[in-house]
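Have a look at the structure below before the remarks.
The values are calculated or read from the model by the stated rules, or taken from the named source; none is laboratory data. Computed from a predicted structure; not experimentally measured. For neighbour counting, all protein chains shown are included, and Cβ atoms are generated from backbone atoms with ideal geometry for every residue, glycine included.
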Amino acid sequence: MSDLTRLGAAELAEKLAGGEVTSVDVTRAHLERIGEVDSRLHAFLHVGEESAMATAADVDARRAAGEDVPTLAGVPVAVKDLINTTDQPTTAGSRMLEGWVPPYDATVVARLRAAGLPILGKTNLDEFAMGSSNEHSAYGPTRNPWDTDRIPGGSSGGSAAAVASHEAPLALGTDTGGSIRQPGAMTGVVGMKPTYGGVSRYGVVAMASSLDQVGPMARSVLDAALLHEVVAGHDPLDSTSIDAPVPDVVAAARRGDVSGLKIGIVRELGGEGFQPGVQAAFDGAVEQLAQAGAEVVEVACPSFRHGIAAYYLVMPSEVSSNLARFDAMRYGLRVSPEGVPDPSAEQVMSASRDAGFGDEVKRRIVLGTYALSSGYYDAYYGSAQKVRTLIARDFAAAFEQVDVLVSPTAPTTAWRLGEKSDDPLAMYLEDVCTIPANLAGVPGLSLPVGLADDTGLPVGVQFLAPALADDRVYNVAAALERLVAAPVLEEVR
Amino acid sequence: MTTATQKIVPFDEAITRYDPVMGLEVHVELNTATKMFCGCATAFGAEPNTQVCPVCLGLPGALPVVNAKAVESAIRIGLALSCDIAEWCRFARKNYFYPDMPKNFQTSQYDEPIAFDGYLDVEVPLEEGGTRTVRVEIERAHMEEDTGKSLHVGGATGRIHGADHSLLDYNRAGIPLIEIVTRTIHVPAELAPAVARAFVTQLRDLIVALDVSDARMDQGSLRADVNLSLSPKDSGVLGTRSETKNVNSFRSVERAVRYEIGRHAGVLDAGGSILQETRHFHEANGSTSAGREKSDADDYRYFPEPDLAPVAPSREWVEELRGTLPEPPSERRRRLQAEWEFSDLDMRDTVGAGALDLVAATVAAGTTPAAAKKWWLGELARRANEDGTDLADLPITPEQVAAIQGLIDAGRVNDKLARQVFEGVLAGEGTPDEVVSTRGLEVVSDDGALGDAVDRAIEANPDVAQKIRDGKVQAAGALIGAVMKEMRGQADAGRVRELVLEKLS
Ligand SMILES: [Zn+2]
C-alpha cells in the first residue's frame, strides 16, 4: 500500500496545497490500490481511470499556474453508482440500467467537478439502494474489508468498503433509511446523512423521494465535513432543497468540544435485541463523552418503535411510483417476451421489468403498489405519514431537553454473506436505529468507536441533531473521535 | 362491438323519456413560455422531440420545479370562474403506465386543487329566440402536466390497436394544463346540448380574455370531455356514465351530447346497460365509438408528490391577481351590445356562433360592428359550417377580415369580388392585398379601359342607346350589365353608369 493512500483528505489537501505531492500522484496511487484489492472487495462497479487522471492533471496544472483552487482540489473521491455521471455509466446496481451513461451530471457531481475532485469510479450498491448488505447488487456483492466473508452493510456498501480499504479517501453515499450510516458502522468509517434538503437530490436515481439524501463518507470526521461542504447547499433544480446557508460543518469538525453539551441516550434504541459487543462499545463511548464534560441523560422517543413499520410503507410506496419510469421505452434494458411473435408495448414493458429488476426491488414495488391502492391508502400510507409526524414530535420534544441524541448505529456488527438473505424481515430490523432520522428529516452521523469485544468487528455510534443543525453532530463526533481513537484497518483480510 | 346493431333514439324522442345528467371537463393548455416542471419551450409544431430535457423525459434522477407563471395562470382562471383559491395545496402523482407518459405517473392535483367551488354564467341561445342564462357550477380547476403524443403507424384506425408500430413525441410532455371540472349541470333536457356548447364556447372566450392560453380546439390547446348518463324521467335513478374524450370543436361538443343521449336511450330502451367507458367522437358522422372500458379497478394510486413543495399562494398575491382580471364575460357582453348598437337577436346570434371575440377584434381593427358581424356570421360562418370547423379555427384573422372590408370601403373591390378575396385568404394564398393582386381582382375604374368597353356596348346595342338618348335613363341598366360582363365583374359599376349617361347625353 502506498503511503499516499494512508492519508486522509485533509492531510492530502494540505500536501497538495503545499506542493509536496501532485494530484496525479495521489490519484494514481488510489487507482493502483483499487487494482490491488478490489478483485477481493468488489467495491467498484466502474473505475473511471481516464477521467480521474484528466481531472488530476488539470488541477495540478492550475495549481502550478498559481491559480487559487478549492480546498479539496486534487483529492480523489468515489461516487455511489446511484448518482449520475456523464463520463461514467450509472447503473443503480441494476440490470435495468446496465451500461447506461446519463446525459447529465447530478448536481453533487457537478459540484465535485467544480471543486476539482477526481472521480475514481462508481461504487457498488444494493439494487436501486434497496438493501442493508450490498447482497442485492445485480452485479454481485461487495465484501467487508475487515472480513471478506462478511457484508459491508448497505446500500452504500461499495462506498464504505472503498474508504475503509483505502481505495478512496472520500466517497459519496446516499441514505434513505440508514444506507450511509449503517455501512459506515459495519466498515469502521464515518458516514453522515445531512438534513433532508441540505444536499441536492437532482441527478440521484430516486428510491424514496421524501427520505433520500446524499452524504459524505470518510475515515475522519473532518474529512467528512470537508466533503459535506463541497456538495451541500441550495439547488434550484431540487424543489426540496433548503434555501438557507450551509451550517459551518468544517469549523464544527475542527472544534470537537462537548463540555457543557447535553446529550440524550434514546431509550428505545438499545438493550434487548442489540448485540452485547455493540452495546458495550456504545456504553463505553457514552462514558467517554460524560468524562469529557457532556451531561448525558436518557430520553424517551416512544414513537421510534413504529419507525420500521412506517418506513416499510412510505418507502415502498414511493419506490413503486419512482421506479415506474423504467419501462424500456426511452432508455435502459429492453426485453421482448419469449414466444410472443409481435409483442405490444405493454408486453415489452412487462417483460423488461420482469427481467431488469431483482427480487428485492420487485418485493418493494409490489408492497408499495398495494399500500397505495384505493381502499388501503388511509390504513397504510396515511397511517405511516401520521407515524412520521409522531416521530418528528418525539424528536422535537427530545431536542427541547438535549442538544444531540445518541444511539448505536446498528444493533449488530457485520454479518456473514447469505446469513440473512432468506429473511428479509431480519434484514429490515438492522435499520431500526437509523430510520427515524430519515422519517423526520434530521441529520445523523455514524462514528466508528472501536471493535466489538465479541466479534472483533467495527461498531458505530450515531449522533442525531435537529434539522439544519448538521454542525452539532460534527462537533460531538469530532470530540468523541479524539477520545476513542478507533482502529483503522491495516490491510484487507 | 355492437355498434352495427345499435339503435340511436332520435334526440327529441329520447328526452321525453329520459333526463340527461351531464358534466364537462375542459383541459386548457397554458401559453407559458416554458413547461410546467422544467425550462423546455412549449411552442406548437416544433420538430418531434426537440423540446425535451431530463425532467420532461423522466430520466433517472431528474426532479420537477414548479413554473410560477403556470400557478399564476391557474389562479387567474380560478378567480375568473369565481372559485376559492386554496391557501395551501399539493401536487399528487397519478400513477398509470402509458408509453407517452415518461414517468408513468402524471404530476397532477388530487384532493387539493388550487381552485374550487366556482361558477360560470353562460348565455344559452334558445331555439324559439332570445337567450337564457344558465349558471354552470365549477367543482374545481387544478394544475397538471400534459402527456406526450403517440403516433400509431399502420393499422386501420390510427389507434394503438392493430398498429404496426408507434412513434412517440415528448414535446408536449410536461406542458402545463389546467383541468376545469363542472359539477352536474341541471338544465331541461332539451337544452343540454346547447348548454354544453355554450359553456365551452364562453369558457374559451374567458380563457382568451385572460390571455393564459391559445385555446385552440383544433390544435388541442383546449380539449373538452363530455360526461353523460341518462336517468329515466322522474325515477331519480342514476345511470352509468360514458366519457366522450377530446371533442375538438364547439359544434362537436353539442353533437356529442346529442348523440350520446340518443345512444344511451337506445341501449336503455332495449333493456341493455351502459358500459362505464371512454368514447371517441367522430367528426365525420357525429357519432361516438367505444374507447377504453373504465371500472372501479381503475386505481391511480394517488399520493402527494414528494418531489415538490406545497403551493401556498399568499392572499396578497391572489388579490393582486384578482386586480388583473378582464371584465367578466356577462358584463362585457352587455357593454359590447350597447357599443355596437346590436339588437338582442344580433347579439344572440353573434355569441351563439362563437363570434363575439372575432367580431370584437375585427371592430378593433377598424371595421364597423355591422360589417364585422356580416362577414363572420355570413360568408365565414357558411365556410366554417361547410368545413365542419369552428369559426375561430378558420385560417383567417380578424385583422384580415378588417383589411378586406377596408378594400371595399376604398372602392378597390366590390362585395362580389370581396367574396373571392375571402376565398383566396382561406385557401392560404396570402394577405388580402396579395390575393387581390395575384387573382387580378381589383375593380377597374380607369376611364380609358371603361370608356372603351362602354363604347363597345353602345355600338353593340344601338336600340338601347337610342332609348337612353331619348331620356329613358332606366334603360342604362342593360348597357351597364353588358360592360360588367365584359369586365368580368371587375368594374366600378357606379363609374360605368356615369360614363354611359355622359356619352349618351
Ligand atoms: Zn423539459
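Below is a table of values for the structure above.
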{"read-out": "Criterion (under 30 Å from A:Ser344 (Cα atoms), of a type in the set (Val, Ile, Thr), under 29 Å from the mean Cα position of the chain (by Cα) and modelled with pLDDT of 95 or more) met by exactly one of B:Val71, B:Val52, B:Val26", "value": "B:Val52"}
{"read-out": "Residue in the stretch B:10-22 that is in contact (Cβ under 8 Å) with a residue 60 or more places away in the chain and part of a loop (DSSP other than H, G, I, E, B) present", "value": "yes"}
{"read-out": "In the stretch A:89-115, the residues that are crowded, with 24+ Cβ neighbours inside 10 Å and either farther than 16 Å from A:Tyr202 by Cα or within 12 Å of chain B (Cβ to nearest Cβ) (or both)", "value": "A:Thr90, A:Thr91, A:Ala92, A:Gly93, A:Ser94, A:Met96, A:Leu97, A:Pro102, A:Ala106, A:Thr107, A:Val108, A:Val109"}
{"read-out": "Candidate set from the stretch A:55-74 (those that are in a helix (DSSP H, G or I) and free of Cβ contacts under 8 Å to residues at least 12 places away in the same chain); member that is nearest to A:Thr86 (Cα to Cα)", "value": "A:Ala61"}
{"read-out": "Enumeration of residues in the stretch B:304-331 that are surrounded by fewer than 19 Cβ atoms within 10 Å (Cβ to Cβ), touching a residue at least 24 places away in the same chain (Cβ under 8 Å) and among the acidic types (Asp, Glu)", "value": "B:Glu327"}
{"read-out": "Some residue of the stretch A:138-148 being of a type in the set (Gly, Ala, Ser), farther than 26 Å from A:Ala10 by Cβ and modelled with pLDDT of 95 or more", "value": "yes"}
{"read-out": "Selection count where residues are within 11 Å of the ligand (Cβ to nearest atom) and without any contact (Cβ under 8 Å) to a residue 40 or more places away in the chain, scope the stretch B:30-53", "value": "4"}
{"read-out": "Residue tally, condition in contact with a His (Cβ under 7 Å, 6 or more places away or on another chain) and closer than 22 Å to A:His30 by Cα, over the stretch A:108-140", "value": "4"}
{"read-out": "Members of the stretch A:312-356 that are closer than 24 Å to B:Glu305 by Cα, more than 9 Å from every other protein chain (Cβ to nearest Cβ) and not aliphatic (A, V, I, L, M)", "value": "A:Tyr312, A:Pro316, A:Arg353"}
{"read-out": "Test result for B:Gly129, away from chain A (no Cβ under 14 Å) and either under 29 Å from the mean Cα position of the chain (by Cα) or modelled with pLDDT of 95 or more (or both)", "value": "yes"}
{"read-out": "Criterion violated by B:Thr182 - all others in (1) in contact (Cβ under 8 Å) with a residue 60 or more places away in the chain; (2) in contact with a Gly (Cβ under 9 Å, 6 or more places away or on another chain); (3) surrounded by fewer than 21 Cβ atoms within 10 Å (Cβ to Cβ) satisfied", "value": "(3)"}
{"read-out": "Candidates B:Asp121, B:Asp100, B:Asp117 - the one that is in contact (Cβ under 8 Å) with a residue 60 or more places away in the chain and under 30 Å from B:Phe303 (Cα atoms)", "value": "B:Asp100"}
{"read-out": "Test: residue in the stretch A:60-79 that is crowded, with 20+ Cβ neighbours inside 10 Å and within 13 Å of chain B (Cβ to nearest Cβ)", "value": "yes"}
{"read-out": "Flag if A:Val340 is over 30 Å from A:Gln462 (Cα atoms) and surrounded by fewer than 23 Cβ atoms within 10 Å (Cβ to Cβ)", "value": "yes"}
{"read-out": "Odd one out for B:Gly174 among (1) away from the ligand (no atom under 16 Å from the Cβ); (2) within 14 Å of chain A (Cβ to nearest Cβ); (3) small (Gly, Ala, Ser)", "value": "(1)"}
{"read-out": "Index of the failed condition, B:Lys233 passing every other in (1) modelled with pLDDT of 95 or more; (2) over 30 Å from B:Leu321 (Cβ atoms)", "value": "(1)"}
{"read-out": "Selected residue [closer than 27 Å to A:Glu98 by Cβ and either modelled with pLDDT under 95 or away from chain B (no Cβ under 14 Å) (or both)] from A:Gly188, A:Gly154, A:Gly184", "value": "A:Gly154"}
{"read-out": "Residues of the stretch B:61-74 that turn out to be more than 15 Å from the ligand (Cβ to nearest atom), within 14 Å of chain A (Cβ to nearest Cβ) and surrounded by 14 or more Cβ atoms within 10 Å (Cβ to Cβ), as a count", "value": "1"}
{"read-out": "Residue within the stretch A:296-305 that is modelled with pLDDT of 95 or more and basic (Lys, Arg) present", "value": "no"}
{"read-out": "Residue match in the stretch B:93-106 (condition: under 19 Å from B:Leu203 (Cα atoms) and either touching a helix residue (DSSP H, G or I) at 6+ places or on another chain (Cβ under 7 Å) or assigned by TED's automatic domain parsing to the domain that holds B:Val208 (or both))", "value": "no"}
{"read-out": "In the stretch A:360-393, the residues that are without any contact (Cβ under 8 Å) to a residue 60 or more places away in the chain and among the acidic types (Asp, Glu)", "value": "A:Asp378"}
{"read-out": "Lone unmet requirement of (1) in contact with an Asp or Glu (Cβ under 6 Å, 6 or more places away or on another chain); (2) buried (at least 18 other Cβ atoms within 10 Å of the Cβ) for B:Lys149", "value": "(2)"}
{"read-out": "Test: residue in the stretch B:451-464 that is more than 28 Å from B:Ala410 (Cβ to Cβ) and polar (S, T, N, Q)", "value": "yes"}
{"read-out": "Residue match in the stretch A:195-208 (condition: within 14 Å of chain B (Cβ to nearest Cβ), touching a strand residue (DSSP E or B) at 6+ places or on another chain (Cβ under 6 Å) and crowded, with 24+ Cβ neighbours inside 10 Å)", "value": "yes"}
{"read-out": "Boolean, B:Thr107 is in a strand (DSSP E or B), within 15 Å of the ligand (Cβ to nearest atom) and either touching a Phe, Trp or Tyr at 6+ places or on another chain (Cβ under 9 Å) or hydroxyl-bearing (Ser, Thr, Tyr) (or both)", "value": "yes"}
{"read-out": "Tally of residues being in contact (Cβ under 8 Å) with a residue 60 or more places away in the chain, in contact with a Leu (Cβ under 8 Å, 6 or more places away or on another chain) and within 24 Å of B:Asp346 (Cβ to Cβ) across the stretch B:131-143", "value": "1"}
{"read-out": "Members of the stretch A:439-450 that are within 14 Å of A:Thr409 (Cβ to Cβ) and of a type in the set (A, V, I, L, M, F, W, C)", "value": "A:Leu445, A:Leu447, A:Val449"}
{"read-out": "Qualifying position, being within 14 Å of chain A (Cβ to nearest Cβ) and loosely packed, with under 15 Cβ neighbours inside 10 Å, among B:Arg292, B:Arg301, B:Arg334", "value": "B:Arg292"}
